[in-house]
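See below for the structure under consideration.
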Amino acid sequence: MQLHLLKSKIHRARVTAADVNYEGSLGIDQDYMDQVGLLPYERILGSNLANGERFETYAIPAPRGSRAIVLNGAVAHLGKVGDRITIMSFAAVPKRRAKKWAPQVVVLGARNEILRTRRAKA
């Protein structure tokens, strides 16, 4: 049996831009993606702490070190610059590994600086 568990989370990311005319996706600073093991085009779930909106899209890398979190396409209607969002991805994990599973987590501060990380054990 496979269980769907939280693989990675970028918590309290501040939206830095929104572009409704872009094809879609969520732009995320490549450094954050690396910290949590998030791959380009990986499916993600987002939740907006300001308005309760939830959305599903895919991640694309924004320039490394930019601290960018960019709502693109239709998702740009679900938030605005300054909103805090949580970005999550999930993995199918064999039941025998589930009890020892730990997601990779980054918690961001007011200027999208990394405050804390929790790395999964290999």
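Tabulated data
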item	result
Antiparallel bridges, percent of DSSP beta bridges restricted to the chain (to nearest 5)	70 percent
Estimated distance in nm for a label pair at Leu45 and Trp101, the labels positioned 7 Å out from Cα along Cα-to-Cβ	1.1 nm
Assigned charges on the beta-carbon of Lys, Arg, Asp, Glu; the range 1-107 dipole about Cα centre (debye)	740 debye
Choice from Val105, Val81, Val70 showing the highest fluctuation, given a GNM over the chain with Cα pairs closer than 10 Å	Val81
Selection from Ile10, Gly24, His77 lying farthest towards where the dipole of the range 2-89 points positive, charges on Cβ	Ile10
Highest-fluctuation residue, Gly24, Gly79, Gly65 considered, GNM on the chain with Cα pairs under 10 Å	Gly65
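All of the numbers you see were taken from the coordinates with simple rules; none came from a lab. What you are looking at is a predicted structure, and each value in this text was computed from that prediction instead of being measured. For neighbour counting, all protein chains shown are included, and Cβ atoms are generated from backbone atoms with ideal geometry for every residue, glycine included.
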